[in-house]
Amino acid sequence: MRVALFSAKKYERKLLDELNAGHRHELVYFDTLLEPETVSLAAGFPAVSVFTNDNVDGGVLKRLAAGGTKLVATRSTGFNQIDLCAAKQLGVKVVRVTDYSPNSVAEFAREGNFELDGLMGFDFVGRTVGVMGTGKIGTTFARIMAGFGCTVIGYDVGRSPRFEELGGQYVDVATLQGEADIISLHCPLTPQTHHIVDARFLAGTKKGSLLVNTSRGGLIDTEAGIEALKSGQLGGLAIDVYEQEASLFFRDLSNTVIPDDVIQRLVSFPNVILTGHQAFFTREAVGTILDTTLASISDFAAGRPLANEIKV
Ligand code: NAD
């Protein structure tokens, strides 16, 4: 099958070419994001593959469908960048990578300043960790934190028996806010979770608590986060995702004037760690992501059931 791969990075191309030997798809790589300005590149491709910051909204899907696209395969777990209702109406199937490596971890780099001032940490043991979203990643995170001797509490719209087996205790949002020393976000970005962490939420958290977001930038109202950091209500922020990341992440901007004042303000705090959407970036996770994506395209081409189809 002819496949147009948008946001295709160098590290992916090499691996995809190797993995594709067993599938024999015709893979065409595009550096660019899929967006209204670039969607014409996909004309004539029955399958299109995207990543987290591509824009697969209703308008783009309409043009994809008009150009003959019947399958959109996102090389990610999250699918908030895709308008699923529009895809369904247009008869375009959507697949994702439901399960890869929830163990993949971000590695954090600091600039060449090895001064200890401002770097005083705290022991995890005895701390309370609040997990918002106890799915595959949230539960894996809970297991790790329980291993550090933390008390783990969680909030989710559903329940994971595994989370409870690990000693996690379900609480309501207000209790999680009031008790957690560390809050980690692991729910998907949906209309219900957009800015789930806003000024009101932050006002209800324990003073000096630490907020971690490796899920999607849109979960946090960043301006409210900055205010909470300034007042000390938030003791630290560690984020791998940022609401406006589409124009920043996955590219080298070292010779560019970055016009986004919010991110510049964020990185000016000594108690903020910002990484460029790289929590997934381990050899194991990337291998599974690409393997699963090619297998889904092969299943689609052969008319087999799609195990990773996202249905609305
Ligand atoms: P998952 O579907 O297994 O778990 C998501 C959990 O969130 C589910 O238990 C669900 O019930 C819960 N949830 C949904 N709506 C909620 C709400 N309103 N409030 C509280 N909980 C809610 O997904 P996962 O594999 O654990 O991935 C979680 C998210 O992590 C993905 O949606 C994606 O956005 C993000 N992610 C980021 C990276 C990265 O590189 N930074 C990599 C993979 C996934």
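The values are calculated or read from the model by the stated rules, or taken from the named source; none is laboratory data. Here the structure is a predicted model, which means the values were calculated and not measured. Cβ atoms come from the backbone with ideal geometry, glycine included; neighbour counts cover every protein chain shown. All accessible areas refer to the heavy atoms of the entire protein, side chains included, with ligands and DNA or RNA removed. Shrake-Rupley method; radii C 1.70, N 1.55, O 1.52, S 1.80 Å.
Could you give me D for segment 1-111, from Stokes-Einstein at 4 °C and 1.567 mPa s, where the hydrodynamic radius is the Kirkwood radius over C-alpha pairs? Units µm² s⁻¹, please.
88 µm²/s
Normalised by the number of residues in segment 179-231, what is the relative contact order in percent for Cα pairs under 8 Å and 6+ residues apart?
Normalised by residue count, the contact order of segment 179-231 is 49 percent.
Taking only Cα atoms of segment 200-312, what ratio of Rg to Rh do you get with Rh as the Kirkwood inverse-distance radius?
Rg/Rh for segment 200-312 comes to 1.11.
Would you work out which of Phe300, Ile239, Ala279 lies farthest towards the positive end of the dipole of segment 215-312? Charges go on Cβ: Lys and Arg +1, Asp and Glu -1.
Positive-end residue among those listed: Phe300.
What lysines does Lys311 reach when the alpha-carbon gap must be under 24 Å and sequence neighbours fewer than 8 apart in one chain are set aside?
Candidates past the 8-residue exclusion: Lys62, Lys70, Lys88, Lys93, Lys136.
Using label points projected 7 Å from each Cα along Cα→Cβ, tell me how many nm separate Phe148 and Val173, to one decimal.
If labels sit at Phe148 and Val173, their model points lie 2.5 nm apart.
Mind checking segment 205-259 for trypsin sites (Lys or Arg not before Pro) that DSSP puts in a loop (not H, G, I, E or B) and that have at most 15 other Cβ atoms within 10 Å?
Sites meeting the loop and neighbour criteria: Lys207, Arg251.
To the nearest 500 deg cm²/dmol, what mean residue ellipticity at 222 nm is calculated for the chain from DSSP H runs of n ≥ 4 alone, each contributing -39,500 (n - 2.57), summed and divided by the residues?
Here the helix-only value at 222 nm equals -8500 deg cm²/dmol.
About the Cα centre of the chain, how large is the charge dipole given +1 on each Lys and Arg Cβ and -1 on each Asp and Glu Cβ? Please answer in debye to the nearest 20.
Computed about the Cα centre, the dipole is about 940 debye.
Based on the alpha-carbon set only, what is the convex hull volume of the chain divided per residue, in Å³?
About 147 Å³ per residue, rounded to a whole number.
Mark the label point 7 Å from the Cα of Gln244 along Cα→Cβ and return the residues of segment 37-63 whose backbone N is within less than 19 Å of it.
Once the point is set 7 Å along Cα→Cβ of Gln244, 53-55 turn out to lie under 19 Å by backbone N, inside segment 37-63.
In whole angstrom, how far apart do the alpha carbon centroids of segment 203-272 and segment 137-181 sit?
The two parts, judged by their Cα centres, are 23 Å apart.
Solvent-accessible area per residue for segment 149-306 at a 1.4 Å probe radius, Å²?
So segment 149-306 comes to 48 Å² accessible per residue, rounded to a whole number.
Relative contact order for segment 48-100 using alpha-carbon pairs under 8 Å, separation at least 6, rounded to a whole percent?
44 percent
In percent, what relative contact order does the chain have, based on Cα pairs under 8 Å that are 6 or more apart in sequence?
For the chain, the relative contact order is 18 percent.
Quick one: if you take sqrt(5λ) for each eigenvalue of the C-alpha gyration tensor of segment 5-53, what semi-axes come out, biggest first, whole angstrom?
One finds semi-axes of 20, 13, 7 Å for segment 5-53.
What percentage of all Cα-Cα pairs in segment 269-312 are separated by more than 11 Å?
73 percent
Could you pull the Cα extents of segment 146-255 along its three principal axes, largest to smallest, in whole Å?
Extents along the principal axes: 49, 30, 30 Å.
Expressed as an acute angle from 0 to 90° and rounded to the nearest 10, what is the orientation of the C-alpha long axis of helix 283-301 relative to the principal long axis of the chain?
30 degrees
Specify the angular offset, from 0 to 90 degrees and rounded to the nearest 10, of the alpha carbon long axis of helix 136-147 from the longest principal axis of the alpha carbons in the chain.
30 degrees
Considering only protein heavy atoms and a probe of 1.4 Å, how much of the accessible area of segment 6-108 is carbon and sulfur, as a whole percent?
About 52 percent, which is the carbon plus sulfur part of the accessible surface.
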